[in-house]
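Inspection log for the structure reproduced underneath, given as structure tokens.
None of the figures in this text is laboratory data; all of them are computed from the coordinates on show. Treat the numbers as computed from the prediction; the structure is a model and nothing was measured. Methodologically, a virtual Cβ is constructed for each residue, glycine included, from the backbone with ideal geometry; neighbour enumeration extends over all protein chains shown.
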Amino acid sequence: MSVLIYAGLRDFQCAWGHQVSWSSKLAWSGHDGFNAQKLEPWYMNRNATEARNRGKEAKGEAKTFGRLTLASIRGAGHMCVVPTLLPSSRRRR
């Protein structure tokens with residue numbers, strides 16, 4: 001089973017810093033490997049190198065080890081839809 005832990009950077013109920021803190025303390029076989037990983041920017045629908053070269057803004061940061069991924073989502077709050085991740089036809093105007 002794969003596990004994704006995520007939080008919006010504007011989420012003040014489940015703040016990103018708390019997600020980073022508690023996930024780094026999880027007792028599991030990949031603990032040391034997970035903590036050795038660095039958070040890296042992630043981009044929608046492109047690899048990071050191509051996105052950076054095209055001047056695209058990262059949608060957040062993430063790191064993965066084994067089947068555990070920790071990710072932040074730029075512009076998202078608690079239980080809200082991330083407008084920049086929606087197709088333009090579904091965005092509020």
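With the simple model of a label 7 Å out from the Cα in the direction of the Cβ, Ala15 to Arg54 spans 3.5 nm. Summarising the label geometry, the points placed 7 Å from Cα in the beta-carbon direction at Val3 and Leu26 lie 0.3 nm from one another. Cross-link partners for Lys25 among the lysines, with Cα-Cα distance under 26 Å and sequence neighbours closer than 8 places in the same chain left out: Lys38, Lys59, Lys63.
Judged by the gyration tensor of its Cα atoms, with axes a ≥ b ≥ c, the stretch 5-44 is oblate; a/c meets the 1.5 cut and b/c is at least as large as a/b. Across the stretch 3-69, counting alpha-carbon atoms alone, Rg and Dmax equal 13.3, 39 Å.
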